[in-house]
Amino acid sequence: MRRGRWRLNGMPIIISRQGVLLDGVQRLHACIAEALPLQSFVARGVDDAVLPMIDQHIRRSSRDILAARGATHPRALVALTTRLIRYEEALDLRAISAAPSWPQIEDVLLACPELEETVAESMSMSGSPLPEPIRTAILCIGLQHSREKTLRLLQAVWRPHRFEAGEPGAALRLDIDRELLAGPRTPAARERLFGIALLALQATLEDRKLRQITWHDGTDPAKPRDPLPDLRANWMLAGHMDSRTSALPEPAMPAVSFETIGPAEATAYLKQSSVAVELNKAHLDAMTRDIVARRWMANPQPICFSASGRLVNGRHRLMAVIAAHLPIAVSVVRGVPEDSYATYDLQKKRAPLVGTLGQAFGDEALVAAMANLFWREERRRPNTQSRTATAAEIQQILAEYPRLRELRGLARRMVAMARASVIGYFAFVVERDDPALASGFLSGLETGADLPRGHPILALRSMLLRLRGEDASQEQQLAALLDGWRRFKLHAAEVGRGGPQRAAPAAPSLRPPSPIVESPAAAAIAELQRRKQQQAITAAFSRFVMSRPSMQALMQETARVAAHGLGAGYSKVLQYNAQTSSLLLIAGIGWPAEAIGHTSFALGSGSPAGLAFSSGRPIFSDNISADQRFSLPPLLKAHGIIRQVNVVIGGEGVPFGVLEVDDSSPGQYDGADISFLAALANSLGLALELARDTAERDRLLLVRAAAQADLQHRMRNSLQLVHTILTLQADNAEDDVARKLLESSAQRIITIGIVTEKIQQAGQQEAVELCSYLKGLVNAVRDGLAELAEGRSVAVDAAISGVWPAKRAELLGIVMAELLTNALQYGRGAVHVRFFDAAACARLEVSSGHPVSPSALAAGQASSAGLRIAAALLREHGGALTVHQTGQTVQAVAEFPWPSALP
């Protein structure tokens with residue numbers, strides 16, 4: 001808009017029948033941000049059901065736009081403009097663009113129209129060892145300074161033997177050859193090659209000799225990234241782009257029509273297309289399926305023709321009509337600007353609508369992925385090109401099977417086992433296949449608890465964890481799950497439909513059998529049993545952690561199960577000590593008692609545990625005496641330790657320490673042992689985080705309680721000060737009416753203080769227990785009016801129990817205090833307070849002997865300002881106050897809406 005390149009391309013802003021904006025949010029935001037008028041079509045009264053059909057396009061690439069404009073080498077031209085944009089951003093210390101948008105690329109092309117010729121010249125040098133993207137960029141930058149010297153550099157790279165020693169191009173060729181010997185080029189290697197090519201170009205332009213080129217790309221933490229040389233000469237992309245601003249052109253108004261287009265019309269319209277860009281077969285197939293299945297819904301996004309009659313938008317829809325052999329209703333816009341092709345389909349494809357319009361529920365992407373997997377496994381035909389369901393197909397599946405949406409929680413909880421979309425769809429399949437078995441199976445699969453050795457669920461969990469570690473595909477994970485479900489059903493048929501069995505007693509030893517005295521089959525069986533036992537130990541330890549034991553008990557149990565799980569005689573829990581920069585032994589198995597709490601281990605190469613802590617990676621060694629990575633601590637040497645494994649105990653910020661298992665017998669640790677130990681360390685780390693959070697919460701609660709007490713004390717003093725001032729003014733008042741008003745106001749200050757104090761004493765500010773609150777408030781008001789209440793009884797009958805929100809309880813307290821104060825101040829005899837459920841409302845009754853006429857209160861002429869205040873508060877919150885008088889007894893009745901009905 002700001003640069004005068006906005007086009008009235010026929011794409012409308014879409015508003016539903018209910019007035020909801022369905023499409024056009026970004027355009028309207030841009031209009032507001034630039035303070036410029038926006039000329040656009042507006043489609044009103046559109047059915048909400050068409051939302052899934054809006055913006056279901058394939059994102060148009062910059063290469064496609066350039067190809068439509070007739071560019072000879074569109075891919076190379078996009079790569080060059082991208083390289084120039086990133087080069088300028090790096091020089092200006094701006095954020096590097098991940099993928100420049102078409103408007104950015106178009107800005108560069110307008111600023112430097114000679115780029116296309118530069119690309120063509122670079123493509124003619126196809127034999128050069130300098131890769132084409134870097135060669136083209138160097139050629140473009142160098143031509144701004146000296147054509148002769150730039151070509152000399154490229155010739156020296158191509159044929160270094162023809163130049164003298166010290167030629168920058170020859171030095172660049174040495175680096176290129178060295179990179180080729182190192183293997184395939186990575187993005188970091190390409191970036192480094194561009195950096196040294198710029199240095200070679202700079203040296204060539206300055207006629208300097210170079211025998212070696214050094215440029216650090218920042219991949220080595222010890223060597224910061226070197227700045228790129230600034231060779232932009234007199235051209236600057238940002239300067240060209242920022243300077244080209246103009247007013248919006250006055251566009252001609254295109255014509256809009258609504259047509260039914262069949263195969264014949266589609267064929268005729270496609271003949272008007274001059275774009276040679278290849279169609280996306282998967283996208284075409286998806287649109288065809290929707291049309292054939294009658295899921296296609298007409299939406300206001302049109303098929304567009306330019307003023308010359310050229311088709312600029314809508315090719316996939318027209319091709320889908322021909323493929324489906326069915327007509328569709330669609331809007332058609334004729335007369336859009338000739339250069340509008342570049343303005344369509346630049347934004348991302350709209351995600352499928354998996355909930356109700358305007359009501360997001362979270363995990364929409366997961367639910368859509370589960371529905372897509374359902375479609376792929378159960379509805380996708382063998383000859384279907386696409387692997388992705390259309391938005392309409394996903395919406396249809398979720399409408400037919402809402403259970404998919406409900407299973408997203410289970411899918412998230414089991415994401416460590418497999419991809420969440422696979423778990424969610426698999427759970428749906430299992431429940432549909434056998435609901436009676438599904439519950440126990442899914443529960444056992446999630447926790448793995450209380451299952452005997454050899455149970456098919458444990459075997460399935462092991463398989464899933466292995467596949468997860470191998471980054472298996474959705475198909476592989478789903479196949480493993482379905483096979484595990486089949487085996488579980490066979491197992492259940494043999495033992496009865498009783499679900500998971502109780503765990504069998506633990507094996508007497510976890511030490512693997514010796515391969516010398518055992519056969520390979522027996523060794524394999526024993527190894528499998530060992531892994532299953534480690535899983536059981538991990539599950540039992542997790543339950544122990546959740547019981548919130550003391551810190552010392554937790555540390556000692558961690559050391560015990562770590563040694564037991566690896567069949568070792570020694571283990572340690574080491575805590576990082578920031579003051580001494582060492583690891584302190586705080587719990588362990590097999591070590592002397594005097595070593596616990598007093599033995600420390602150096603960080604880094606000073607000990608195996610120190611190396612693990614410093615590197616953040618597991619460290620294991622099957623022969624520590626021969627391992628040159630670290631020194632052998634005296635404690636390990638004294639106990640004859642041969643091998644050990646160390647894993648870091650994580651935590652927020654700096655890790656807590658290290659969990660270590662040591663063994664004095666020969667053997668080998670493998671990846672499964674490290675995974676078992678890491679699982680224990682992770683559970684311990686989570687428990688430590690929970691303990692820290694709990695301690696912090698308790699501290700904050702104490703601080704909050706102290707602050708509340710201080711606030712209550714200050715409030716009580718302030719209210720008492722106001723009460724004293726009003727009382728002194730009342731004593732000095734000569735007019736009786738003024739004196740009574742001041743006395744009444746002074747008493748009301750005390751009442752408000754009593755109500756607030758009782759709410760705070762309830763122990764929580766958000767909710768108040770009614771019965772104790774009312775009784776305490778009545779006693780406090782009676783004590784505050786000790787002179788008036790002397791010799792009179794106050795009975796309380798609270799028939800409503802439970803909890804009310806604090807704000808509602810405060811209203812109840814103020815009204816009750818006013819009514820009770822009024823009864824004690826002006827009434828006679830005993831006072832009776834009742835609070836009960838009157839069906840439609842909560843009802844408060846305060847009865848006493850009182851001569852005031854109810855009609856006087858209704859007319860607002862009663863002498864009690866307290867009653868008028870109570871009546872006004874109740875009316876404000878939807879309640880009412882009435883007074884009934886029978887003889888010498890008067891009853892004030894306050895009706896409160898229930899809290900859920902209160903405003």
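Worth a mention:
- Shown in residue order for the range 537-542 are the 3J(HN,Hα) couplings computed by the Karplus curve 6.51 cos²θ - 1.76 cosθ + 1.60 at θ = phi - 60°: 5, 4, 5, 5, 5, 4 Hz (x for Gly and Pro).
- 5 angstrom amide H check on V46, placed H, neighbours 5+ away: I15, S16, R17
- Förster-model FRET efficiency, 60 Å R0, D226 and I869, C-beta, rounded to 0.05: 0.20
- In order along the range 775-783, the Karplus-derived 3J(HN,Hα) couplings, from 6.51 cos²θ - 1.76 cosθ + 1.60 at θ = phi - 60°, round to 5, x, 5, 4, 5, 5, 5, 5, 5 Hz, and Gly and Pro are given as x.
- Taking amide hydrogens as placed 1.01 Å from N in the peptide plane, the amide H of A838 sits under 5 Å from those of R843, each at least 5 positions away in sequence or on another chain.
- Relative contact order of the range 522-695, pairs being alpha-carbon contacts under 8 Å that are 6 or more residues apart, as %: 21
- Label point distance in nm, S146-V703, each placed 7 Å from Cα along Cα→Cβ: 6.7
- Full-extension gain in nm, E377 to R159, via 0.36 nm per residue minus C-alpha separation: 72.7 nm
- Efficiency of FRET between I32 and M253 - r from beta-carbon atoms, R0 22 angstrom, step 0.05: 0.40
- Peptides 605-618, 191-204, ordered by how many other C-beta atoms sit within 10 Å of their residues on average, highest first, read 191-204, 605-618.
- Full-stretch length increase - E475, S547 - with 0.36 nm per residue and alpha-carbon distance subtracted: 22.1 nm
- Long-range amide H partners of V312 with built H, under 5 Å: C304, F305, S306
- 3J(HN,Hα) along the range 545-562: 4, 5, 6, 6, x, 5, 4, 5, 5, 5, 5, 5, 5, 4, 5, 5, 6, 5 Hz, from the Karplus curve 6.51 cos²θ - 1.76 cosθ + 1.60 with θ = phi - 60°, whole Hz, x for Gly and Pro.
No value in this document is a laboratory result; all are computed from the given coordinates. Remember, predicted model here, so these are calculated numbers, not experimental data. Because the Cβ atoms are built from the backbone with ideal geometry, glycine has one as well, and the counts that use them run over all protein chains shown.
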